[in-house]
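K.L.:
What follows is a single structure, and I will ask about it in a moment.
The values are calculated or read from the model by the stated rules, or taken from the named source; none is laboratory data. Values in this document were obtained by computation on a predicted structure and should not be read as measured data. Note that we place each Cβ from the backbone using ideal geometry, even for glycine, and neighbour counts take in every protein chain shown. For the accessible areas, the whole protein counts, side chains as well, though only heavy atoms, and no ligand, DNA or RNA atoms are used. Shrake-Rupley method; radii C 1.70, N 1.55, O 1.52, S 1.80 Å.
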Amino acid sequence: MSTEPHSRAWLEIRPTVLRRNLARMRALTGRDSPVIPMVKADAYGLGMTEAVRALRPLEPTGWGVATVAEGERLRALEPAAPIYVFSPAAPDEAIPGIEAGLTFCVSSLKFLDRLARAARRLDRTGTVLVEVDTGMGRAGLDWRRSERWIPRIRAILAEAGGRISWEGIFTHFHSADENDPASVEEQARRFTGIRRQLPDLPAHLCNSAGALRFPELAPRGVRPGIFVYGGSAGAGLPEPEEAVSLRARVTLVREVPPGTTVGYGATYRSTRTERWATLGIGYGDGLRRALSNAGHVLLGGHRAAIIGRISMDMTVVDITDLPFVRPGHVATLLGADVLGVGPERAPGYRMHDEAHGEDRHGTLATDDRITLEDMAELVGTNNYEILTGFTPRLPRVWLWDEEVEGGALGSDDGNQRLVSAGGSGVRPEGSDAAASAEPGAALPPVRRGASESGTPSGEVVSAATASGVDWLLDRAREVREQAHAPYSGFRVGAALETDDGSVFTGVNVENASYGLTVCAERNAVAAAVAAGHRNFRRIAIVTGAQVATPPCGACRQVLAEFAPDLEIHSRVPGNGQVWRLDQLLPARFASGSFPSGAEAAARTDSETQASTETHGPTTKG
């Protein structure tokens, strides 16, 4: 399965969220009870290797798979951990399963006998759980016939001469995801009857939904699956944190006249002059065709309807009311959208989600999101099928960070938390130290760290201290000078001041893996939005170029959504200049073709509205 992030479409997975979701499950069971995360179907389509890496620090009891082949693959990752094959295995898989040290979940006495013979032949010890069918019907030994199969199992084990170890029993609820508890209670009663006949054996009942709906049953053990990966386990149950996002790039933008049709079968016809965007994703990637003329995507925080039939490789959306969309912009088909729709919005950002108190990758553009459940409802299926249905053609981009690598579920440095997007941060909670400080006064301590690219994270300072433009420009200069990641062009530092006097800094980041540059201005905005700010006063930009330049086109569009009249101060050695953002967005620049630095310096006062406030001699060509 591809993990190459530079793609027309990709899945983003947040391992820290997987961890926290599993930790919530573990809290229901107690530390001494078994917790067996299900990593079958390649960890619900997300990638077994990475999922195990993310969850391993929680020290689960073992891992759950569906096939012997999955178990063999997992054994290479986990040489010592118990690995449970929960689906019935084929007869000829007994020997390879024992050789791999897998624990078979037995539903057939004939297969148990075959295991015993294979263990004797290999001179190895095999382990088994016995599934009890209390109503699911697809596998397991019938609870009504326990007086027959319990003695027979004991006889087979005796004949095996100690080569088969019976480790426990379990059952599976068929309707724990539904509000009516009657079926679960009935299955639990049936299973209790079996447990009384086998009092010395460990026994567990609960999947994700069972543990959440009946926490009193969870201490016997939990086999969590969909909840860990960010899917709802059922109606009326606690919701997990969202772990997965689906992104696709805009590959083509067209303007079409009324009466134009799109897609196979021409099922959509334009009713006016419309703008359409083609996305590089289709049902060949696992985007369900049933979303045709029914689903939506998010672009820059706005919904765009899917029009026409989804093709194998392409999907078309209506962007008539979203004039900012250009080829290379990124659409969100699953999950929350992120600040900025330009090509810079590639994997690698992090965002701070106040609702969950966590650091995530990206910065939320709006509260709108598309959930697994939303997509499943439109398609007429469940969230399991949506998640596992994404094909190997979609790269799985795992957004690793210090929190996962370091083994902590969440940590505080005092009351400060690092959020890194190549230059972002969060103000220390409860810090009023700078509120009464004079311009230029020492700042309160801010936790610093490194982003994935090695660029120092930005800072957020509570700053009535930022009462002077010079002070703001100094902050931009400082963060630029402290940046240490390799960068082939001019290093840029930015400092953004909000209406309440807070200052957020950022530097530009070059990511060779994606072939993209994330601008300093964009990173400063990302930090401010992540901390809940939407009203900006001015931004300072310090570069290593020979002339002062305004923000690039993509950054102007992002800034304009928050503060169309934003003051933009730019300074290079011996040269300072100031613009107003709304005067940098005339119609002739709306296409995204913006002037170079030299051209910007050569513009007349009437074109750029350069302020009389400059910093050092102002030069113009």
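K.L.:
With a ≥ b ≥ c the root eigenvalues of the C-alpha gyration tensor of the stretch 1-160, is it rounded (a/c under 1.5), prolate (a/b larger than b/c) or oblate?
P.N.:
prolate
K.L.:
Another question, then. Roughly how many nanometres apart are two label points built 7 Å out from the Cα toward the Cβ at E178 and E561?
P.N.:
For the pair E178/E561, the computed spacing is 4.2 nm.
K.L.:
I'd like the distance between the alpha-carbon centres of the stretch 46-69 and the stretch 72-141, rounded to an integer number of Å.
P.N.:
Spelled out, the Cα-based centre of one part sits 17 Å from the other.
K.L.:
Sorting T315, T371 by accessible area (1.4 Å probe), largest first, what list results?
P.N.:
Per-residue accessible area, sorted high to low, gives T371, T315.
K.L.:
Apply the a/c threshold of 1.5 to the C-alpha gyration tensor of the stretch 165-313 and tell me whether it is rounded, prolate or oblate.
P.N.:
prolate
K.L.:
Assuming R0 = 22 Å, can you tell me the calculated FRET efficiency for the pair E99 and R56, based on Cβ-Cβ distance, to the nearest 0.05? Before the final figure, lay out each step's value.
P.N.:
Working: r = 23 Å, r/R0 = 1.06.
Taking R0 as 22 Å, the efficiency between E99 and R56 is 0.40.
K.L.:
Further question on the same structure: Rounded to the nearest 10 Å², what accessible area does Y384 show when all protein chains are kept and the probe is 1.4 Å?
P.N.:
Result for Y384: roughly 90 Å² accessible.
K.L.:
Net charge near E481, counting Lys/Arg +1 and Asp/Glu -1 over other residues with Cβ under 12 Å of its Cβ?
P.N.:
Its environment carries a net charge of +2.
K.L.:
Further question on the same structure: Counting only protein chains, not ligands or nucleic acids, how are W166, W149 ordered by accessible area (probe 1.4 Å), most first?
P.N.:
Numbers: W166 40, W149 10 Å².
The ranking, largest first, comes out as W166, W149.
K.L.:
Using a 10 Å cut-off on Cβ atoms, rank the peptides 111-120, 10-19 from the highest mean neighbour count down.
P.N.:
10-19, 111-120
K.L.:
Work through the residues other than I539 whose Cβ is under 9 Å from its Cβ and net out their charges, Lys, Arg +1 and Asp, Glu -1. Before the final figure, lay out each step's value.
P.N.:
Working: positive: R537, R538; negative: E497, E521, E567.
Surrounding charge for I539 is -1.
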